[in-house]
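The values are calculated or read from the model by the stated rules, or taken from the named source; none is laboratory data. Keep in mind the model is a prediction, meaning the values are calculated, not measured. Cβ placement follows ideal geometry from the backbone for every residue including glycine, while neighbour counts extend to all protein chains displayed.
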Amino acid sequence: MPWHLKKTAPEKTLNMYNTHTGESINIKYHGFGVYDSDALDRINHFLRCHYTNEVRAIDVRLLDLLCDIQSIFGNGKQIKIISGYRSLEYNEYLRSLGRRVSKNSLHLQGVAIDFEIPGVGNYELFRIAKSFGAGGVGHYPEFVHIDTGRIRYW
């Protein structure tokens, strides 16, 4: 059975810290089969492009995957967000610096997140994220990348 169809907890909460803005959010965005649109709006704002302040809707399947990963390590653990939504302007800026950033990054579509969980090794996060078989998973020294694109690993 695909990971997103498995029975999950009746409530979904994300506890996150944005490394670029210094903001934190601990928010229930789903309860008993219903997504809370106000909570999703707040999450979308939280995961905005910090470079331009541009906001884009984040794929709820991505949020659910992040929530499921967080729950494995305990919901008390705060997720450190390195990158959520990325504007085209910021993506091009990173490319101009020589960063390993795809011209067609899934961050531009709101379907990718780079993160870490303090106290949890990135290889362990990578391994757990891969186990969901939900999309792309990348392992980097500073963070783990997940997305809801096609399944692939690096």
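The table below lists the values:
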| quantity | calculated |
| --- | --- |
| Qualifying residue in region 128-137 (condition: of a type in the set (Phe, Trp, Tyr), over 21 Å from His20 (Cα atoms), modelled with pLDDT of 95 or more and touching an Asp or Glu at 6+ places or on another chain (Cβ under 9 Å)) | yes |
| Whichever residue in region 138-154 is among the charged types (D, E, K, R) and either without any contact (Cβ under 8 Å) to a residue 24 or more places away in the chain or under 15 Å from His107 (Cβ atoms) (or both) and, among such residues, is surrounded by the fewest Cβ atoms within 10 Å (Cβ to Cβ) | Arg150 |
| Qualifying residue in region 19-32 (condition: modelled with pLDDT of 95 or more and assigned to a helix (DSSP H, G or I)) | no |
| Boolean, Ile79 is touching a Leu at 6+ places or on another chain (Cβ under 9 Å), surrounded by 21 or more Cβ atoms within 10 Å (Cβ to Cβ), farther than 16 Å from Thr148 by Cβ and among the aliphatic types (A, V, I, L, M) | yes |
| Among the residues listed as Gly135, Gly110, the single one being crowded, with 19+ Cβ neighbours inside 10 Å and out of contact with any Phe, Trp or Tyr (no Cβ under 7 Å at 6 or more places or on another chain) | Gly135 |
| Test set (1) polar (S, T, N, Q); (2) in contact (Cβ under 8 Å) with a residue 40 or more places away in the chain; (3) at positive phi - Asn53 fails condition number | (2) |
